[in-house]
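Data first, discussion second: the structure below is written as structure tokens.
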Amino acid sequence: MSDELGRLSLLPTRNLVDWWLAGGRLADDTSNWRGLVQLMTLSLLPAPELHRHLRAVDELFDHLARRELMDEHELLERRLMLTLLVANAGLRVPGPAFTPEWAFGVLRAELTPTRLAEAERLAPDWRALPRADIARLRRLKQFIGVARELRAHLDDPDAVAAVASWVRLYPALP
């Protein structure tokens, strides 16, 4: 951990959000970006400040994606996990991002019928697959896991039914 990240880790979330929104940045060549993401998403600010907090995290994720400092899949996974954290806290956010409906749309785009059919076909013998295929199946399992937890926060019966159909594949995946 760099000295800068160590100093930032001592700040309350509110001050960390203020630092980011005021233009605070780590050097692009640092390996501490994951640590910063962890600090910014470890806890949520209270409801009146939540929108500001999520805006800062969204900007952080966009910054990391533009500069290719973190993998797109990992950033998407972290966005989904943050959405789940917000939903589990019983908070609602104004706007399309970080809502259960937004997360379901993202998951539906990732968990396509073609990908799910392939996963179902490959799952029984996954141990014999090449590493790249196993990694792809694990990513699908991660997405299904998020969907499984998100299901309780979805109001649309069709969305709930879709998640139920995905979840049946979960135990068969690596």
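Contact order for the chain, expressed relative to its length and based on alpha carbon pairs under 8 Å spaced 6+ residues apart, stands at 17 percent.
Taken along the Cα-to-beta-carbon direction at a fixed 7 Å, the label points for ALA117 and VAL160 span 2.9 nm. Once the 1.4 Å probe is applied to the protein heavy atoms, the chain comes out at 54 Å² accessible per residue. Rounded to a whole number, what is D in µm²/s for the stretch 26-85 from Stokes-Einstein with the Kirkwood radius over alpha-carbon pairs (20 °C, 1.002 mPa s)? Rounded to a whole number, D works out at 180 µm²/s.
Charged neighbours of ASN88, selected by a Cβ distance under 14 Å, balance to +2 (K, R count +1; D, E count -1).
Its alpha carbons give the chain an Rg and a Dmax of 17.8, 51 Å. Cα centroid separation, the stretch 129-172 to the stretch 9-70: 28 Å. A straight chain from ARG14 to VAL167 at 0.36 nm per residue would run longer than the Cα-Cα distance by 51.4 nm. When the solvent-accessible area of the stretch 1-136 is split by element, carbon and sulfur atoms take up 53 percent of it, the probe being 1.4 Å. Given R0 = 45 Å, the distance between the Cβ atoms of ALA89 and ASP125 translates into a calculated FRET efficiency of 0.65.
The values are calculated or read from the model by the stated rules, or taken from the named source; none is laboratory data. Computed from a predicted structure; not experimentally measured. A quick note on method: Cβ atoms are made from the backbone with ideal geometry, for glycine too, and the neighbour counts reach across all protein chains shown. We work out accessible area using only protein heavy atoms, side chains counted, and drop any ligands, DNA or RNA first. Shrake-Rupley method; radii C 1.70, N 1.55, O 1.52, S 1.80 Å.
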